[in-house]
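Working notes for the structure below.
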Amino acid sequence: MSLWTGVLPAITTAFNADLSVDHGAVRAHVRWLVSRGCTGIIPCGSLGEGATLSLEEKAALMRTVTDAVKAPVIPGIAALSTAEAVRLAKAAEDAGCAGLMVLPPYVYSSDWREMKAHLAAVLRATKLPCLIYNNPVAYRTDFTPPYLAELAAEFDNAAAVKESSTDARRITGIRALLGDRLTLGVGVDDCLVEGVEAGAKFWVAGLVNAFPDESVRLFELAAAGKKDAAFALYRWFLPLLRLDTVTKFVQLIKLVQQEQGWGHERVRPPRLELAGAEREECLRVLREALASRPAL
């Protein structure tokens, strides 16, 4: 079975009261997600507050997840420096991960020559298949279809793309240029149905952390071409899915998770827990969704 299929949760990272990683909570959470039909697990990503985790914490988190589930584990590989990204890739291989999700570097964003060199260093450092993460909204680096074609031509282990530009036309553009050379996935929750319609084969999902049943069902309906049923579920889910597309998506998703009985809203600074009207609005959206939650 391909790594690049189905619903792949980008998991949140659970923290104890002292903001150390709560490995027990992570272990229980990923086992629950896989039991509900998710096909793999992605720790250490943006939603997992990877930028606030040390290399040692990321390596320990990878080991916790690989030990907890039999499903493929595909950690996010992101760092301030290329050297640290390479060390992370090697740590992931040592931890028994099945693949890597490779991000552009944190903070520094530049031209394709530099960004390609960064990705190339990670791709060379591992034999694992790699998912290239394109998120120009968050990282100010845009891996356009021609750039992806360069990487695909030079590196056999460039295997897939997580497309998070928010533009479903990008999936069509990559397919037009590369055919089936790279497996394509949706990385923005509220672009799922459009992305699958355009040819995406997997979904790196956020709200799945609290709503795995609905997420898996939505993907299955979209992939099966059951448009009316998919849209009916999508229409219900969209107010929640849109929580994944704003600056405080980590806080929002962790709050929803907490209210659904899976985790705590704790985040590491510089993030702070939601407060006031912002928190109440998130809870209102959740209450309205739960009041009309469809039978699956």
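State whether one or more residues within segment 53-66 are modelled with pLDDT of 95 or more, farther than 29 Å from residue 120 by Cβ and in contact with a Lys or Arg (Cβ under 7 Å, 6 or more places away or on another chain).
If we filter segment 53-66 for residues that are modelled with pLDDT of 95 or more, which is where we start, we get 53-66.
From what is left, the residues that are farther than 29 Å from residue 120 by Cβ are 64.
Imposing the further condition that a residue be in contact with a Lys or Arg (Cβ under 7 Å, 6 or more places away or on another chain) reduces the set to 64.
So far as segment 53-66 goes, yes, one or more of its residues are modelled with pLDDT of 95 or more, farther than 29 Å from residue 120 by Cβ and in contact with a Lys or Arg (Cβ under 7 Å, 6 or more places away or on another chain).
Considering only residues that are on the phi < 0 side of the Ramachandran plot and out of contact with any Leu (no Cβ under 9 Å at 6 or more places or on another chain), look in segment 157-169 and name the one that is modelled with the highest pLDDT. Break it down stepwise before answering.
Of the residues in segment 157-169, the ones on the phi < 0 side of the Ramachandran plot are 157-165, 167-169.
Going one step further and asking which of them are out of contact with any Leu (no Cβ under 9 Å at 6 or more places or on another chain), we end up with 164-165, 167-169.
Numbers: 164: 82, 165: 79, 167: 82, 168: 82, 169: 86.
Here the answer is 169.
Here are some residues: 291, 200, 223. Which one is open to solvent by less than 10 Å² (accessible area, probe 1.4 Å) and among the small types (Gly, Ala, Ser)?
Exactly one residue qualifies, and that residue is 200.
Name the residues in segment 129-156 that are surrounded by 21 or more Cβ atoms within 10 Å (Cβ to Cβ) and closer than 18 Å to residue 4 by Cα, would you?
Across segment 129-156, the qualifying residues are 130, 131, 132, 133, 134, 148.
Hey, could you check segment 6-65 for residues that are in contact with an Asp or Glu (Cβ under 7 Å, 6 or more places away or on another chain) and polar (S, T, N, Q) and say which is least open to solvent (accessible area, probe 1.4 Å)?
Here the answer is 13.
In segment 56-65, is there at least one residue being within 26 Å of residue 268 (Cα to Cα), part of a helix (DSSP H, G or I) and of a type in the set (S, T, N, Q)?
Quick first cut of segment 56-65, residues within 26 Å of residue 268 (Cα to Cα) only: 56-65.
Filter once more, keeping what is part of a helix (DSSP H, G or I): 56-65.
Checking which are of a type in the set (S, T, N, Q) leaves us with 64.
Yes; the residues of segment 56-65 include at least one that is within 26 Å of residue 268 (Cα to Cα), part of a helix (DSSP H, G or I) and of a type in the set (S, T, N, Q).
One residue is enough: does segment 177-185 have a residue meeting the conditions under 15 Å from the mean Cα position of the chain (by Cα), small (Gly, Ala, Ser) and modelled with pLDDT of 95 or more?
yes
The values are calculated or read from the model by the stated rules, or taken from the named source; none is laboratory data. The model shown is predicted, which means the values in this text are computed figures rather than measured ones. Cβ sites come from the backbone with ideal geometry, for glycine too, and all protein chains shown count toward neighbours. Accessible surface is based on the protein model in full, side chains and every heavy atom, while ligands, DNA and RNA are left aside. Shrake-Rupley method; radii C 1.70, N 1.55, O 1.52, S 1.80 Å.
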